[in-house]
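Engineer: Submitted below is the structure of interest, expressed as structure tokens.
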Amino acid sequence: MRRPISLYGLTFSLPLLVWQLLFFVFPLVFLVALSFWTVKNFTIRPDFNPVNWVTMFGKPVFWQAYGTTFGLAAAASVLASVVAFPCSYAIAFKLSDSARRMAVFLMVIPFFTSYLVRVYSWQIFLSDAGIVNVMLGAVGLGPYPMLNTVGATMVGYMTLALPLVILLQLFSLVFIDRTLIEAAHNMRCGRIRTVFEVVIPSARVGLVIAALFCFILTFGDFVSPVYLGGGDPTTLSILITDTTKSGQQWPRAAVIALTMIATLLVVAFLSVRFAYAGQAKGSRT
Amino acid sequence: MNSEQINRSRTVDWTLRAYIVLAYVFVFAPIAASFVFSLNSDRFPSIPLGSVSLDWYRAVAADPLVWQGLGNTLMIGLIVGVVSTFLGFGAAYTDYRYHFFGKQAYLALALLPPTIPVIIMGLAMLAFLSRVDLSGRAISVIISHVVICAPFAMAIIRLRLSQMDPALEPAAWNLGASEWATMWHVIVPFTKPAIFGALFITMAVSFDEFAIAWFVSGLNETLPVKVLGFLQGQVSPRINAIGTFVFVISMTLVIVAQVLLSGRAAPKSDEKE
């Protein structure tokens with residue numbers, strides 16, 4: 001299949017390679033170098049000094065933010081998966097073909113609406129005199145402070161991740177061999193038991209990947225924790241924007257960013273291994 | 001079919017359907033609210049609704065900075081769309097036709113960028129671009145957006161290429177067409193719907209991206225960065241007006257792309273072109 005390298009082939013292959021090497025790989029590699037540079041008198045100079053790593057890793061604030069971010073993202077992944085599953089399951093198995101196509105089309109729409117605008121919209125719902133509290137007040141409850149809480153951050157995270165999680169789960173569910181489910185039913189396997197012992201193991205890869213994407217999205221998001229969570233507790237993404245925008249401490253921000261990338265790589269690696277380790281078991285069922 | 005009927009209960013079916021509706025209500029509530037409140041006269045949006053008014057649209061239209069942001073967004077989106085579609089097409093064609101050492105790495109480069117958190121991309125781009133004196137300009141946003149948009153174009157066009165009869169290209173060569181002529185008269189016409197689909201989708205992605213743009217744009221703010229500014233300042237229903245406006249543009253792009261991409265009845269007429 002090998003062909004000699006030709007001008008024709010290179011015309012199509014090279015531009016993307018060059019672009020992504022220059023503007024994707026190189027900036028990320030540069031981030032590593034930057035994390036060893038030092039800041040003196042508000043200017044950044046090339047250096048090889050581990051001081052930024054030592055400073056950041058020595059700060060309790062950093063580890064608190066790390067714990068918060070990791071915990072919130074993990075909780076969001078579990079919550080999104082649990083909330084999305086009945087929905088994707090119902091779309092996959094309880095709707096007609098045309099209704100399913102419509103459902104998928106509708107779920108794509110949120111990707112093309114501004115996430116910022118949706119978060120602002122949630123402020124309208126959740127503020128002290130907002131829609132939810134007015135409605136609760138009508139039945140004699142509240143008002144409850146809802147904005148600037150972890151719960152509000154979670155609502156924002158769901159806004160960000162739920163459509164993607166539903167779609168990814170759905171794609172793994174529609175490809176399940178239906179005869180497997182019929183076989184389970186024929187053998188008098190109950191409905192709930194069929195879901196847990198046939199459907200979920202068969203769709204395991206897709207379900208884990210969906211949760212992983214939720215983790216990646218929420219782990220790096222700074223909009224929900226700031227504009228719905230009120231910036232408290234601080235997350236790593238808030239720490240990055242603060243460090244970058246209001247001081248010239250780019251090297252320290254680079255340390256945070258690299259720690260985040262390392263965490264995401266480990267989480268992604270473990271999830272994928274977990275997903276495929278389960279697949280063998282799933283196909284046996 | 002029969003076995004499904006054994007395990008079928010109306011209550012469960014309807015509960016599940018109701019659950020779907022509930023999930024969609026959660027997803028669409030903020031989108032719908034933003035539209036409704038963009039037309040509402042009250043300064044502090046809540047229920048009961050005030051009167052219908054276009055005041056927020058007028059306020060937005062009277063703000064020269066919004067127009068400047070819109071101009072930047074449109075210009076950047078258009079260039080990003082064209083460049084990412086070209087790069088994505090090249091990568092998709094490379095994957096379709098060639099086998100070479102390191103292809104996995106090539107494909108990783110072509111597809112991975114959107115999975116890196118935008119905030120990290122933003123920081124990395126800002127640090128790198130300011131080093132080579134390219135930060136704080138429209139070109140900085142274009143460069144960064146192409147990085148995350150090209151993978152979408154690549155995926156869309158690759159999908160279309162996989163629908164193409166693999167014998168088509170060699171057939172054209174056998175009939176004496178050069179590689180370039182085959183590209184121009186066979187492959188480009190066949191992938192044309194996907195090329196335009198990719199163009200519109202990448203434009204829509206660039207149109208909504210705010211985090212990287214916020215880091216690298218400097219004074220050349222795009223419209224989403226402007227919205228971020230509104231969010232940071234005093235909260236105002238103007239965001240709803242801009243949001244609705246941007247939503248209409250994005251959806252137009254997406255629907256046009258959808259129509260182009262679902263035109264699957266057309267492969268025969270494509271070949272005639």
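Bear in mind that the values in this text are calculations on the coordinates, not laboratory data. The structure presented is a predicted model; accordingly, all values stated were derived computationally and were not measured. Ideal geometry is used to build each Cβ from the backbone, glycine not excepted, and the neighbour counts take in all protein chains shown.
Engineer: Find out how many positive minus negative residues lie around B:GLY69, taking Lys and Arg as positive, Asp and Glu as negative, among other residues whose Cβ is under 14 Å from that of B:GLY69. Write out the running numbers ahead of the final one.
Structural biologist: Values: positive: B:LYS226, B:ARG238; negative: B:ASP63, B:ASP208, B:GLU209, B:GLU221.
So the surrounding residues net to -2.
Engineer: Hey, another quick one. Give the long-range amide H neighbours of B:ASN40: residues separated by 5 or more places, or on another chain, with amide H under 5 Å away, using H modelled in the peptide plane at 1.01 Å from N.
Structural biologist: B:SER53
Engineer: Report the FRET efficiency, 1/(1 + (r/R0)^6), for B:SER130 and B:ALA18, where r is their Cβ-Cβ distance and R0 is 51 Å, rounded to 0.05.
Structural biologist: Numbers: r = 53 Å, r/R0 = 1.03.
For R0 = 51 Å, the calculated efficiency reads 0.45.
Engineer: Pull out the extension gain between B:ALA167 and B:TRP67, defined as 0.36 nm times the separation in residues minus the alpha carbon to alpha carbon distance; nm, one decimal. Mind showing how you got there, number by number?
Structural biologist: Details: separation 100, 0.36 × 100 = 36.00 nm, distance 5.04 nm.
Full extension from B:ALA167 to B:TRP67 adds 31.0 nm.
Engineer: Based on the alpha-carbon gyration tensor of the protein assembly as shown and its eigenvalue square roots a ≥ b ≥ c, which shape applies: rounded if a/c is under 1.5, prolate if not and a/b is larger than b/c, or oblate? Intermediate results must be reported in sequence, preceding the final value.
Structural biologist: Numbers: a/c = 1.35, a/b = 1.04, b/c = 1.30.
Verdict is rounded for the protein assembly as shown.
Engineer: I'd like the trypsin sites (Lys or Arg not before Pro) in the stretch A:138-223 restricted to DSSP loop residues with at most 13 other Cβ atoms within 10 Å, sorted by number. Show your work: numbers first, answer last.
Structural biologist: Numbers: sites: A:ARG178, A:ARG188, A:ARG191, A:ARG193, A:ARG204; in loops: A:ARG188.
Taking the stretch A:138-223 and a limit of 13 other Cβ atoms within 10 Å, the loop trypsin sites (Lys or Arg not before Pro) found are A:ARG188.
Engineer: Along the three principal axes, how long is the stretch B:49-153 when you take its alpha carbons, biggest first, rounded to the nearest angstrom?
Structural biologist: Ordered largest first, the stretch B:49-153 gives principal extents of 64, 34, 25 Å.
Engineer: Relative contact order (percent) for chain B, with alpha-carbon contacts under 8 angstrom and 6 or more residues of separation?
Structural biologist: Values: 304 pairs, mean separation 77.1, N = 273.
Relative contact order, chain B: 28 percent.
Engineer: For the protein assembly as shown, how many pairs of lysine residues have a Cα-Cα distance under 28 Å, where the two are 8 or more positions apart or belong to different chains? Don't skip to the answer; put the middle values down first.
Structural biologist: Working: A:LYS40/A:LYS59; A:LYS40/A:LYS245; A:LYS59/A:LYS245; A:LYS94/A:LYS281; A:LYS245/B:LYS226; B:LYS103/B:LYS192; B:LYS192/B:LYS268; B:LYS192/B:LYS272.
Pairs that pass both the separation and distance tests number 8.
Engineer: Still on this structure, please answer the following. Going by Cα centres, the stretch B:178-250 and the stretch A:1-74 are how many Å apart?
Structural biologist: Centre-to-centre (Cα) distance: 25 Å.
Engineer: Determine the shape class of the stretch B:62-272: with a ≥ b ≥ c the square roots of the Cα gyration tensor eigenvalues, call it rounded for a/c under 1.5, and otherwise prolate if a/b is greater than b/c, oblate otherwise. Let's see the in-between values first.
Structural biologist: Numbers: a/c = 2.84, a/b = 1.77, b/c = 1.61.
Prolate, since a/c reaches 1.5 and a/b exceeds b/c.
Engineer: Now for a separate question. Apply the Karplus curve 6.51 cos²θ - 1.76 cosθ + 1.60, θ = phi - 60°, to the phi angles in the stretch A:60-73 and return the couplings in whole Hz, x for Gly and Pro.
Structural biologist: The phi angles translate into x, 4, 4, 5, 4, 4, 4, x, 4, 4, 5, x, 4, 5 Hz.
Engineer: Here is a further query. B:ASP42 label point, 7 Å along Cα→Cβ, cut-off 16 Å on backbone N: hits in the stretch A:129-173?
Structural biologist: A:129-139, A:143-144
Engineer: Output needed for the stretch A:62-163: three equivalent-ellipsoid semi-axes, defined as square roots of 5 times the C-alpha gyration tensor eigenvalues, in descending order, whole Å.
Structural biologist: On the way: eigenvalues 151, 89, 39 Å².
One finds semi-axes of 27, 21, 14 Å for the stretch A:62-163.
Engineer: Now for a different question. Just to confirm my numbers, what's the Cα centroid distance between the stretch A:138-217 and the stretch B:110-139 in Å?
Structural biologist: Their Cα centres are 33 Å away from one another.
Engineer: Other chains near A:5-16: what is the mean number of their Cβ atoms within 10 Å of each residue's Cβ?
Structural biologist: On the way: counts 2, 1, 2, 5, 7, 2, 5, 12, 9, 3, 8, 17.
Per residue, the average neighbour count from other chains is 6.
Engineer: Hey, another quick one. Just to confirm a number: summing +1 for Lys and Arg and -1 for Asp and Glu over residues other than A:ALA103 whose beta-carbon lies under 15 angstrom from that of A:ALA103, what do you get?
Structural biologist: Local net charge: +3.
Engineer: Taking only DSSP H segments of four or more residues, each worth -39500 (n - 2.57), what value at 222 nm results for the protein assembly as shown once the sum is divided by all its residues, to the nearest 500 deg cm²/dmol?
Structural biologist: Working: 28 runs with 401 residues, N = 558.
Result for the protein assembly as shown, helices only: -23500 deg cm²/dmol.
Engineer: Let me ask something additional. Quantify how strongly other chains surround peptide B:77-90 by giving the mean number of their Cβ atoms within 10 Å of each of its Cβ atoms.
Structural biologist: Values: counts 0, 0, 0, 0, 0, 0, 2, 2, 0, 3, 8, 2, 3, 10.
What the average comes to for B:77-90 is 2.
Engineer: Tell me, what is the FRET efficiency for B:ARG137 and A:MET187 to the nearest 0.05, using R0 = 56 angstrom and their Cβ-Cβ distance as r? Mind dumping the intermediate values first?
Structural biologist: Working: r = 66 Å, r/R0 = 1.18.
That gives a FRET efficiency of 0.25.
Engineer: Residue-wise, which Karplus ³J(HN,Hα) couplings in Hz belong to the stretch B:20-32, taking 6.51 cos²θ - 1.76 cosθ + 1.60, θ = phi - 60°, and x for glycine or proline?
Structural biologist: Per-residue couplings from phi come out as 4, 4, 4, 4, 5, 4, 4, 5, 9, 3, x, 5, 5 Hz.
Engineer: Report the FRET efficiency, 1/(1 + (r/R0)^6), for B:GLN104 and A:VAL139, where r is their Cβ-Cβ distance and R0 is 60 Å, rounded to 0.05. Provide the component values of the computation, followed by the final result.
Structural biologist: Values: r = 59 Å, r/R0 = 0.98.
Computed FRET efficiency for B:GLN104 and A:VAL139: 0.55.
Engineer: OK, next. Across the stretch A:127-134, in residue order, what do the Karplus-derived ³J(HN,Hα) couplings come to in whole Hz, using 6.51 cos²θ - 1.76 cosθ + 1.60 with θ = phi - 60° and x for Gly and Pro?
Structural biologist: 5, 4, 9, x, 4, 5, 5, 4
Engineer: OK, next. Averaged across A:169-180, how many Cβ atoms of other chains sit within 10 Å of each residue's Cβ atom?
Structural biologist: Values: counts 0, 0, 0, 0, 0, 0, 0, 0, 0, 3, 1, 0.
So the per-residue partner count for this stretch is 0.
Engineer: Assign one of three labels to chain A, namely rounded, prolate or oblate, based on the Cα gyration tensor with a ≥ b ≥ c the square roots of its eigenvalues; rounded applies when a/c is under 1.5, prolate when it is not and a/b is larger than b/c, and oblate otherwise. It would help to have the intermediate numbers written out before the result.
Structural biologist: Values: a/c = 2.00, a/b = 1.23, b/c = 1.63.
It comes out oblate by the Cα gyration axes.
Engineer: Could you sort B:92-103, A:35-46, A:109-120 so that the peptide with the highest average Cβ count within 10 Å comes first and the rest follow in order?
Structural biologist: Values: B:92-103: 16.2, A:35-46: 13.2, A:109-120: 22.3.
Descending mean neighbour count gives A:109-120, B:92-103, A:35-46.
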